[in-house]
Amino acid sequence: MFRGSSFHTIDPKGRIIIPSRFRDVIKAEGGQTVMITRMDGGLFAYTLNEWGKVESRILEMAEKNVYMRRFRRVFIGGAFDCDLDKQSRVLIPPALRQYAGVEKDIVMVGVLDHFEIWSRENWELENLNLEEDMKKEEVRNEIAKLGL
């Protein structure tokens, strides 16, 4: 499972170093490749095993709904398989870097079954959004269901 967060930089060629704790999870799942796609203004990275589960769930969904067809088109259609090189770096494709505004300072965040890659600015906005969300009773109630 992916946990924790790390602050890093992306090099001029668009490569990021995957933290060792994340690499360990990727290797334990039998690979040197992650599938990276876009969502919520950030990038979501999955091991190939977890990506297979995501694709299976999406295939089970009815395609009659225009919103779900659009989601499938963009989420799956915008995914790239990205190999770890010998220095444990991953090249983020230009289309994904542009979508997420990833230029220099980044944050990698473990989210259990995947990890996310955020520009530092977008990550700070995401944290501010959470603070605003926490003021809403329905959000606090949902989190309370976790026993937290």
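When R89 is tested against (1) under 18 Å from D24 (Cβ atoms); (2) of a type in the set (K, R); (3) out of contact with any strand residue (DSSP E or B) (no Cβ under 9 Å at 6 or more places or on another chain), just one condition goes unmet, and that condition is (3).
Can you tell me how many residues within segment 103-140 are of a type in the set (G, A, S) and either modelled with pLDDT under 95 or over 11 Å from the mean Cα position of the chain (by Cα) (or both)? Residues flagged as of a type in the set (G, A, S) and either modelled with pLDDT under 95 or over 11 Å from the mean Cα position of the chain (by Cα) (or both) within segment 103-140 amount to 1. Filtered by the rule that a residue be over 10 Å from F80 (Cα atoms) and within 14 Å of the chain's Cα centre (by Cα), segment 91-100 gives R97, Y99, A100. In segment 46-99, the residue that is surrounded by the most Cβ atoms within 10 Å (Cβ to Cβ) out of those that are of a type in the set (D, E) and not in a helix (DSSP H, G or I) is D85. Of all residues in segment 4-45, those being buried (at least 17 other Cβ atoms within 10 Å of the Cβ), in a strand (DSSP E or B) and aliphatic (A, V, I, L, M) number 7.
Residues in segment 1-16 that are in contact with a helix residue (DSSP H, G or I) (Cβ under 9 Å, 6 or more places away or on another chain) and not charged (D, E, K, R): M1, F2, G4, S5, S6, F7, I10, G14. A Cβ distance below 9 Å, combined with a sequence gap of six or more or placement on separate chains, defines the contacts here; from segment 120-139, residues that are in a loop (DSSP other than H, G, I, E, B) reach residues that are not aliphatic (A, V, I, L, M) in the pairs M134/R140.
The values are calculated or read from the model by the stated rules, or taken from the named source; none is laboratory data. Everything numeric here is computed off the predicted structure, so don't read it as measured data. Here Cβ is always computed from backbone atoms with ideal geometry, including for glycine, and neighbour counts include all displayed protein chains.
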